[in-house]
1. With a probe of 1.4 Å, find how much accessible area the chain has per residue, and write the answer as a whole number in Å².
2. If amide hydrogens are placed 1.01 Å from N in the peptide plane, which non-local residues have theirs closer than 5 Å to the one on Ser37?
3. Got a number for carbon plus sulfur as a percent of the chain's accessible area, 1.4 Å probe?
4. Find, among the trypsin sites (Lys or Arg not before Pro) in the range 24-76, those assigned to loop by DSSP (not H, G, I, E, B) with at most 12 other beta-carbon atoms within 10 angstrom.
5. Contact order normalised by length for the range 10-115, with contacts defined as Cα pairs under 8 Å and 6 or more residues apart; what percent is it?
6. Calculated from DSSP H runs of 4 or more alone, at -39500 (n - 2.57) each and per residue, what is the 222 nm mean residue ellipticity of the chain, nearest 500?
7. Explain nothing, just the number: dipole magnitude of the chain about its Cα centre with +1 on each Lys and Arg Cβ and -1 on each Asp and Glu Cβ, in debye rounded to the nearest 20.
8. For Ile64, what residues show an amide H to amide H distance below 5 Å, using hydrogens built from the backbone and excluding near sequence neighbours?
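The values are calculated or read from the model by the stated rules, or taken from the named source; none is laboratory data. Owing to the predicted nature of the structure, the values given are computational and were not obtained by experimental measurement. Here the Cβ positions follow ideal geometry from the backbone for every residue, glycine too, while neighbour counts run over all protein chains shown. Remember, those area values only see protein heavy atoms, side chains included, never the ligands or the DNA or RNA. Shrake-Rupley method; radii C 1.70, N 1.55, O 1.52, S 1.80 Å.
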Amino acid sequence: DAGVHSKAWYTATCDRKTAEDALYRSNKDGSFLVRKSSGQDSRQPYTLVVFYNRRVYNIPIRFIESTRQYALGREKSGEERFDSVAEIVENHQRTSLVLIDSQNNTKDSTKLKHIVRVS
């Protein structure tokens, strides 16, 4: 268990569009939630959805079989790994999360500040 089910920021039944709409409505930098990934892939079970600078970022949360840990985004050397999705969220409530805009090739960063609930 990734430690998500009792968390206020986890929305089990929310699709990408619903999550993005909720974050646009919040319109606060650092708004976030975690949803199940659309692809139902065991290697990428969840997605961290973050609002920053009038944009919504969908960041895959990967499950690493070999270590039974979780990591954000594409695999990279020296990446941070966590024992649960809850640890990822707690970590990025304290330390900034780098947001990469692949279309414009820009980087921003924000902390996870505001939990968004999907109604």
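1. 59
2. Amide H neighbours of Ser37, under 5 Å, 5+ apart: Tyr46, Thr47.
3. Whole-percent figure for carbon plus sulfur exposure: 42.
4. Those that pass, being in a loop and sparsely packed, are Arg43, Arg54, Arg68, Arg74, Lys76.
5. Relative contact order for the range 10-115 comes out at 21 percent.
6. -5500 deg cm²/dmol
7. 320
8. Gln69, Tyr70, Ala71
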